[in-house]
Structure formats: structure tokens, C-alpha cells
Amino acid sequence: MKNVKPIFLLASTLAITVFTLGCKQKNKETGKDQSEWIQLFNGANLDNWTVKIHHYEVGDNFGDTFRVKDSILQVRYDNYEGHFNERYGHLYYDQPFSNYHLVVEYRFVEGWYETAPDYTLLNSGVMFHSQDPRTMPKEQDWPISVEMQFLAEVNKGESRPTGNMCSPGTDVVYEGQIDPRHCISSSSDTYPVGEWVRAELIVHTDSLITHIINGKKVLEYSKPQIGGGVANRYDESIKIDGTPLKEGFIALQSEGQAIDFRKVALKILDE
């Protein structure tokens with residue numbers, strides 16, 4: 001694909017600016033602009049979201065993987081047949097963001113597709129600073145992005161923190177240096193299947209990233225950038241290692257485990 005910018009955003013700068021300004025209001029005490037909370041999930045349907053599932057074209061919500069029922073955004077696999085075959089999926093909000101505070105409330109439910117890889121058991125997440133799904137070839141498995149990974153308890157009493165960081169096609173700086181690990185564990189508690197968890201992500205463009213679980217800061221790192229491995233069969237003109245990730249798309253993940261989302265909201269932060 002020619003002439004794709006490294007940050008791979010298709011929306012125009014003007015459109016982003018208009019959107020951002022339209023979501024701000026004046027703080028009565030300081031007189032400064034502040035952002036209102038934007039409900040990315042409207043509780044009724046998947047308007048303003050786009051699906052990309054590995055092996056399928058952009059927009060093909062294979063098997064009704066992502067659906068809305070009783071005001072809950074569900075990830076389900078009851079319409080799948082045969083081997084899971086790495087049918088990893090992501091549901092992207094159609095507007096890229098740069099500097100923001102994201103809140104996602106989720107719970108794991110029973111319903112793991114048994115031929116999915118073992119590591120996907122009670123495993124999901126939210127991707128951010130992601131490439132636009134329309135820049136992903138049909139056979140690209142993971143988007144070039146950073147992930148706030150969600151996990152739940154598998155074995156009673158065994159620690160399994162949530163709100164971790166994973167890095168498909170990216171690198172981050174942790175404790176002063178680029179960390180070679182694909183995933184960095186948080187310091188969160190372990191939560192059982194069925195319990196609602198509030199995950200917050202504070203993103204300051206390409207500088208500081210903070211993960212919060214149920215009101216507690218559990219992980220912090222900086223300088224997200226293109227690099228590393230894990231993502232496969234991407235357009236090579238897009239993956240320019242070392243490119244700072246200043247903005248990108250937000251996506252909810254499906255990788256073989258059923259999960260519910262009841263809230264996905266975002267507040268744009270001042271620069």
C-alpha cells in the first residue's frame with residue numbers, strides 16, 4: 001500500500017480537530033476547556049464500530065461475534081464451527097484518539113472456544129493506538145497496537161493479574177528502557193469469572209500511559225512505538241520500527257473467550 005503514513009490514520013486532521021472541539025466545554029471555576037465523557041458504546045447497537053476478524057474482510061462480523069443484547073456488548077462464539085483457526089477479532093471505534101482517559105467495564109463469562117490456544121482462556125483486552133482496520137490485509141492476525149490485557153482467575157487462589165500490557169507489533173519503555181517482553185504484568189488483584197471490573201487507561205499521546213483497575217494504579221510505562229514482533233502478515237510499508245505512536249484507534253478484542261462489556265467511555269484530555 002503506497003503513501004500510507006506511519007501512524008496509519010485515515011481520518012483527516014481537520015475532522016479530528018472539529019470532533020475534539022465539539023466535545024469540550026468550559027470549566028466554570030478555571031475557565032479552561034474540559035472534555036465531556038463520550039459514550040463510545042451507546043448501549044443499543046454497534047453504530048460507529050467496525051469489525052476486523054482474522055481471515056475475513058474488514059466489516060465482516062463473522063458468526064455475529066460482536067453483538068448487543070440487553071444493553072451489553074457481547075463477544076460470543078456460538079455460531080462458530082470447526083477449529084478456531086486463529087479467528088482473532090477486534091471491534092474498532094471509528095474515530096482515532098490521541099490524548100484521553102478511557103473507561104471500560106467488563107466481565108468474563110463462561111464460553112471459551114475449546115480449540116482456541118490455551119493462553120486465550122479467560123483472556124481478552126482493549127487495543128489502543130492501533131492502526132486503522134482498513135489498513136490491515138485479510139490475513140493479518142493482530143493489529144499493530146498496544147493492548148491493555150484483561151485476564152480472570154483460572155485456578156482458585158492462584159494470582160492472575162489483569163490490566164497488563166501486551167505489544168503486538170509495538171514496543172514500550174518500562175523502567176527506563178525498551179522492554180523486550182511481549183506482555184508486562186500489572187500489580188492488580190485477581191478477579192473471578194462473572195465479576196464486573198472497571199479498567200481505566202490514561203493515554204498522553206506518545207509519552208506516559210497509565211493502567212488503573214478498580215480505582216488503583218497498577219501499571220505505568222511510556223514511549224509506545226512501532227516495533228517488536230507477534231503481529232504477522234501486515235503491510236510492510238506500515239510497520240516502520242521506531243515510529244512514535246501518538247494516536248490511533250481503540251478496539252475491543254475477541255480471541256476465543258466470551259466476555260461482556262457494559263461501558264466504553266472516553267474523555268479527551270487537554271494537551
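The values are calculated or read from the model by the stated rules, or taken from the named source; none is laboratory data. Keep in mind that this is a model prediction, so the values were computed, not measured. Neighbour counts are summed over all protein chains in view; Cβ atoms, including those assigned to glycine, are modelled from backbone coordinates with ideal geometry.
Does residue 240 satisfy the criteria of being among the hydrophobic types (A, V, I, L, M, F, W, C), over 22 Å from residue 116 (Cβ atoms) and in a loop (DSSP other than H, G, I, E, B)? Don't jump to the end; show me each part of the working.
Numbers: among the hydrophobic types (A, V, I, L, M, F, W, C): yes; over 22 Å from residue 116 (Cβ atoms): yes; in a loop (DSSP other than H, G, I, E, B): yes.
In short, yes.
Scan segment 123-134 and give yes if some residue there is modelled with pLDDT of 95 or more and over 30 Å from residue 241 (Cα atoms), otherwise no.
As a first pass, look at segment 123-134 and keep what is modelled with pLDDT of 95 or more: 123-134.
Then keep just the ones that are over 30 Å from residue 241 (Cα atoms); that gives none.
There is no residue in segment 123-134 that is modelled with pLDDT of 95 or more and over 30 Å from residue 241 (Cα atoms).
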* Structure fact -> Going through segment 53-94 in order, the residues found to be touching a residue at least 40 places away in the same chain (Cβ under 8 Å), assigned to a strand (DSSP E or B) and among the β-branched types (Val, Ile, Thr) are 53, 72, 75
* To do: Please find, among 249, 261, the residue that is part of a strand (DSSP E or B) and closer than 16 Å to residue 144 by Cβ.
  => 249
* So residue 206 fits all but one of (1) surrounded by fewer than 16 Cβ atoms within 10 Å (Cβ to Cβ); (2) part of a loop (DSSP other than H, G, I, E, B); (3) not hydroxyl-bearing (Ser, Thr, Tyr); what number is the exception? -> (1)
* In segment 199-236, what residues are among the polar types (S, T, N, Q) and modelled with pLDDT of 95 or more? -> 205, 207, 210, 214, 222, 225
* Of everything in segment 172-203 that's without any contact (Cβ under 8 Å) to a residue 60 or more places away in the chain and not in a loop (DSSP other than H, G, I, E, B), which residue is surrounded by the most Cβ atoms within 10 Å (Cβ to Cβ)? -> 172
